[in-house]
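Below you'll find the structure, written out as structure tokens, and then a few comments.
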Amino acid sequence: MNTLELLELLEDNARLTPEEIAVMLQADVGEVRRAIKELEQNKTILKYMTLVNWEKAGEEKVSALIEVRITPQRDVGFDGVARRICRFPEVRSVRLMSGAYDLAVFIEGRTMREVSHFVATKLATIEGVISTTTHFVLKTYKQDGVIIEDTEEDRRLMVSP
Amino acid sequence: MNRTWCERINPVVRDMPPSGIRRFFDMVAETKGVISLGVGEPDFVTPWHIREACIYSLEKGYTMYTSNSGLLELRCAIARDLAETYGVTYDPRSEILVTVGVSQGLDLALRALVCPGDEVLIPEPSYVSYAPTVTLAGGKVVSLPTGMEQGFCLRAHQVEAAITPRTKLLLLCYPNNPTGAVLDRKTLLEIAEVAVAHDLIVISDEIYDRLTYDGQHTCLASLPGMKERTVLLNGFSKSYAMTGWRVGYACGHGDFIAAMTKIHQYTMLCAPITAQMAALEALKNGRAGMERMVREYNRRRHLVLHAFRDMGLPCFEPKGAFYAFPEIRVTGLTSEEFAETLLQEEKVAVVPGNAFGASGEGFVRCSYAASLEDLGEAMRRMAQMVRRRGVKPRVISTTHRPIPAREAGVSVAGSVCS
């Protein structure tokens, strides 16, 4: 069985059952189960999640991209500060970037005040952080490969030769 | 219609039966909430980079005629693609013609080659327009029926047995619409031998060549002695999900292509330039996207095959295209009755096999160019209908989703949820 294809399937739809996957990949169900278990245990599969359109669910969320410049530390470089930032539950993602700043930090909160408060009191005050620049998200058009409010539909004729 | 007007219509056209698919199409169109497996085209939209390249070409003002043969750059790209994939070399200046889909390529080839009364051999079940286009070109259709027991593969001895002094052409379509059958290299070699021995010309419609799931497709023209006597037809509709663009190509001996180009220049002038620009982009950068689509079709193919076997419908394994052709005789219904019952009772559309010729009776064509969700639901509904007709399911199906909803946020696939 092709593990990469298995991961590709699950990345697109984590609700596929091992039975369905087994048929699609022409593998034994037990083999699929074992492979998934192993991928979970060795942390290749980190988590199964649902992509939610929160706006549609009526939930207000504020998110912001924070550009963070930091001073690399001896022995650990950027990792020490980055790992510290990761600890905060408000932080959705942390990535080391090339270019004008070092870390791209995505923050999610309930209000703008909550997010700014977090940046001012928690993020900016971490030792090694030189500066932060906050960009609030105004609208999301596409997330994790999914176009939100996609208007492309099946326009094919119902029957064609 | 005014009777006198009707009488003035060319009798060849007047007496031609309308496509068997047409009547069924009208029935489906009148029913609401139908899941259709009757669609003969990809469910993917043309990849964005191809659409974008076409938009860009419009912005740059590419709105004029091209040469009759099509953009030279496109013909060169086609030649390169065929050489790399199958090792067949065509001169882009004299042996390739860009057409308005394979449909036009076929029409041109038939009109260029068929003399009144010439016999054209067509394996059946066959694509709905083969027989009518042969008739329009003045030829006589000779059907070569194939069945499930032979995997819907044409055999060389069938071709040989059908040959008469008037036989001029053999028209092949593998991977096949509607059956999904492919011809392996050995069978093709045997057929090629017969074609050479009897000096036949072969029109090979290889529009589904890239949608081959078990081993490599063999291009007929790549076989010894076949390039000069083969008119190879192909296009971008199926491989690159570009059906509505209407762009394809014909390759063959310079004399054939010159003759076809003559008809093309007087009746069509050239294929639309925007479609040609898009096709060029598809050949340049479309391979990865195409391979992704093929992988996806293959997974769905396994899913529907499994479902048919579970519900007790015999189905041979299609190795190409995106069709499965299950046998429905066990239900006691004819192809048309089955398709109509399935539509009325379960709102699933499939195409009755007899639309593809008499040897398609007892079968239905199911396209798996549909989303996984739709396929799963359609298979579930079809299984219900088949069970009501007294067919025993082979095992309890595992291919469709179990009805009880899973707990929110918990995936059945694993236990890592936090």
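Of all residues in the range A:9-38, those being out of contact with any Pro (no Cβ under 7 Å at 6 or more places or on another chain), farther than 11 Å from B:Arg299 by Cα and at the interface with chain B (Cβ under 8 Å from one of its Cβ atoms) number 9. Scanning the range A:53-89 for residues that are basic (Lys, Arg), in a loop (DSSP other than H, G, I, E, B) and touching a residue at least 24 places away in the same chain (Cβ under 8 Å) yields one hit, A:Lys61. For the range A:55-93, the set of residues classified as acidic (Asp, Glu) and closer than 25 Å to A:Lys139 by Cβ consists of A:Glu55, A:Glu59, A:Glu60, A:Glu67, A:Glu90, listed by residue number. Under 9 Å between Cβ atoms, at least 6 apart or on separate chains: pull out the pairs that start in the range B:358-387 with a residue that is away from chain A (no Cβ under 14 Å) and end on any residue that is in a helix (DSSP H, G or I) and hydroxyl-bearing (Ser, Thr, Tyr). Listed pairs, sorted by first residue: B:Glu361/B:Ser335; B:Gly362/B:Ser335; B:Phe363/B:Ser335; B:Met385/B:Thr331; B:Met385/B:Thr341; B:Val386/B:Thr331.
Tell me the residue from B:Phe308, B:Phe338, B:Phe316 that is among the aromatic types (Phe, Trp, Tyr) and not in a helix (DSSP H, G or I), please. I'd like the intermediate steps shown before the answer.
Values: B:Phe308 fails: not in a helix (DSSP H, G or I); B:Phe338 fails: not in a helix (DSSP H, G or I).
Answer to the selection: B:Phe316.
If you take the residues of the range A:46-82 that are hydroxyl-bearing (Ser, Thr, Tyr) and closer than 29 Å to A:Val129 by Cα, which of them is farthest from the other protein chains (Cβ to nearest Cβ)? Filtering the range A:46-82 for residues that are hydroxyl-bearing (Ser, Thr, Tyr) and closer than 29 Å to A:Val129 by Cα, the one farthest from the other protein chains (Cβ to nearest Cβ) comes out as A:Thr71.
So, in the range B:3-55, exactly how many residues are surrounded by 13 or more Cβ atoms within 10 Å (Cβ to Cβ), hydrophobic (A, V, I, L, M, F, W, C) and assigned to a loop (DSSP other than H, G, I, E, B)? Within the range B:3-55, residues that are surrounded by 13 or more Cβ atoms within 10 Å (Cβ to Cβ), hydrophobic (A, V, I, L, M, F, W, C) and assigned to a loop (DSSP other than H, G, I, E, B) number 6. Considering each residue of the range B:115-128 in turn, none proves to be crowded, with 24+ Cβ neighbours inside 10 Å, more than 14 Å from chain A (Cβ to nearest Cβ) and not in a strand (DSSP E or B).
Restricting the first member to the range B:116-134 and to residues that are outside the structural domain of B:Arg166 (by TED's automatic domain parsing) and closer than 14 Å to B:Pro145 by Cα, and the second to residues that are of a type in the set (Lys, Arg) and outside any loop (DSSP other than H, G, I, E, B), no beta-carbon pair is closer than 6 Å while six or more apart or on different chains.
Do we have any residue at all in the range B:22-41 that's among the hydrophobic types (A, V, I, L, M, F, W, C), touching a helix residue (DSSP H, G or I) at 6+ places or on another chain (Cβ under 8 Å), farther than 28 Å from B:Thr133 by Cβ and within 14 Å of another protein chain (Cβ to nearest Cβ)? Reasoning before the result, please.
We begin by selecting, within the range B:22-41, every residue among the hydrophobic types (A, V, I, L, M, F, W, C); these are B:24-25, B:27-29, B:34-35, B:37, B:39.
In the following step, the residues that additionally are touching a helix residue (DSSP H, G or I) at 6+ places or on another chain (Cβ under 8 Å) were identified as B:24, B:27-28, B:34-35, B:37.
From what's left, farther than 28 Å from B:Thr133 by Cβ: B:34-35.
This time we only want the ones that are within 14 Å of another protein chain (Cβ to nearest Cβ), so: B:34-35.
Yes, that holds for at least one residue.
The values are calculated or read from the model by the stated rules, or taken from the named source; none is laboratory data. What you see is a predicted model; the values in this text were computed from it and never measured. Because the Cβ atoms are built from the backbone with ideal geometry, glycine has one as well, and the counts that use them run over all protein chains shown.
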